[in-house]
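Okay, structure first, notes after.
The values are calculated or read from the model by the stated rules, or taken from the named source; none is laboratory data. Just so it is clear, the model here is predicted, and its values are computed rather than measured. Here the Cβ positions follow ideal geometry from the backbone for every residue, glycine too, while neighbour counts run over all protein chains shown. Please note that ligands, DNA and RNA were not included when accessible areas were found on the heavy atoms of the full protein model with its side chains. Shrake-Rupley method; radii C 1.70, N 1.55, O 1.52, S 1.80 Å.
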Amino acid sequence: MQRSRWLWRAIASVSVLFALLFAGGFGYAVKTVIAPNGAIASVTDGNEEAPLAREESVEIVALGDSLTFGYGDSTGLGYVGRLRALLEERTGVPAHVVGNFAANGYTTVQVLADLKEREGIAEALRRADVVVMTAGGNDLLRLGDEIDVEAFLANIPETQANIREILVTIRDITPEARIYYVGLYNPFIEESDIEGTSQAVQRWNAAAFEALLAEEDATFVPTFDLFQHGVERFLATDRYHLNDEGYARIAERLAALLE
């Protein structure tokens, strides 16, 4: 009788082990579907964020380069203006862009200098509930330059260090605002004569994601998967920046995270 009980306990233990292994495998499969080909899912520090509908208004500050400026969008809205409209429509709460301080061609060094020296940024950040930004693309590859994957990769460590300093500086000015860093997509993904661009872009996205982990209420927003297939449809005439539809996609993703 004791041997029989031992046998059933052993069978039960093995069953539990296999169930756990299956659950782990299933979780990995779900992650692969949600973040295909290494697209990093957006994360925060793990705390639940209060719905924006509880706020009296939503104050947005935008920082960074041409993607946050909205270059290529015929309406001039970019993802920032579209995000404001979506939040107001979906939450019923007034949303305002306190300031969009992004500029075409800006590197992380210039974003950092603005944060420390440009008049009006600190005041705007102190009012902010939400900070959105793109930065790093111009450090890694300048528009018009020949695409050099090795140089792109070599520039990642210094650019990541600058992103870390940018995040610390923002947090020193505005301790409570939520920060959303918009990751890079690959505009060259369908260029068959250029190899390694997707791997390089995802290496940068991983580095940016790592930098954000050090800050509370800082979220990496992936965009690689949004333009992984049929990217030409979403690009402006320069074949690098986004068009109206491309910026609308980023605004939709941000809105889904913020609602």
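Within segment 219-240, the residues that satisfy the criterion of being in contact with a strand residue (DSSP E or B) (Cβ under 7 Å, 6 or more places away or on another chain) and either open to solvent by less than 10 Å² (accessible area, probe 1.4 Å) or of a type in the set (Ser, Thr, Tyr) (or both) are Thr219, Phe220, Val221, Thr223, Phe234. Does any residue of segment 158-171 turn out to be open to solvent by 40 Å² or more (accessible area, probe 1.4 Å) and either modelled with pLDDT under 95 or within 20 Å of Asn104 (Cβ to Cβ) (or both)? Within segment 158-171, none of the residues are open to solvent by 40 Å² or more (accessible area, probe 1.4 Å) and either modelled with pLDDT under 95 or within 20 Å of Asn104 (Cβ to Cβ) (or both). Of the numbered criteria (1) open to solvent by less than 30 Å² (accessible area, probe 1.4 Å); (2) free of Cβ contacts under 8 Å to residues at least 24 places away in the same chain, the one Tyr247 fails is (2).
Scanning segment 172-190 for residues that are within 27 Å of Leu226 (Cβ to Cβ) and not aromatic (Phe, Trp, Tyr) gives Ala177, Arg178, Ile179, Val182, Gly183, Leu184, Asn186, Pro187, Ile189, Glu190.
For Ser198, indicate whether it is at pLDDT below 95 and of a type in the set (S, T, N, Q). No: the conditions fail for Ser198. Across segment 131-153, which residue is farthest from Val80 (Cα to Cα) among those that are among the small types (Gly, Ala, Ser) and assigned to a loop (DSSP other than H, G, I, E, B)? Looking at residues that are among the small types (Gly, Ala, Ser) and assigned to a loop (DSSP other than H, G, I, E, B), I get Gly144. When you scan segment 67-90, how many residues do you find that are open to solvent by less than 10 Å² (accessible area, probe 1.4 Å) and not in a loop (DSSP other than H, G, I, E, B)? The number of residues fulfilling the criteria is 6.
Quick grid of which residues meet (1) modelled with pLDDT under 95; (2) closer than 20 Å to Leu167 by Cβ; (3) not polar (S, T, N, Q):
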{"site": "Gly72", "(1), (2), (3)": "no, no, yes"}
{"site": "Tyr79", "(1), (2), (3)": "no, yes, yes"}
{"site": "Ala103", "(1), (2), (3)": "no, yes, yes"}
{"site": "Thr108", "(1), (2), (3)": "no, yes, no"}
{"site": "Asp114", "(1), (2), (3)": "no, yes, yes"}
{"site": "Ile121", "(1), (2), (3)": "no, yes, yes"}
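Pairs linking a residue in segment 154-167 that is in a loop (DSSP other than H, G, I, E, B) to a residue that is open to solvent by 20 Å² or more (accessible area, probe 1.4 Å), with Cβ atoms under 7 Å and 6 or more positions apart or on different chains, are Asn155/Asp139.
Checked against (1) under 24 Å from Leu212 (Cα atoms); (2) part of a helix (DSSP H, G or I); (3) in contact with an Asp or Glu (Cβ under 9 Å, 6 or more places away or on another chain), Gly105 passes all but a single condition, namely (2).
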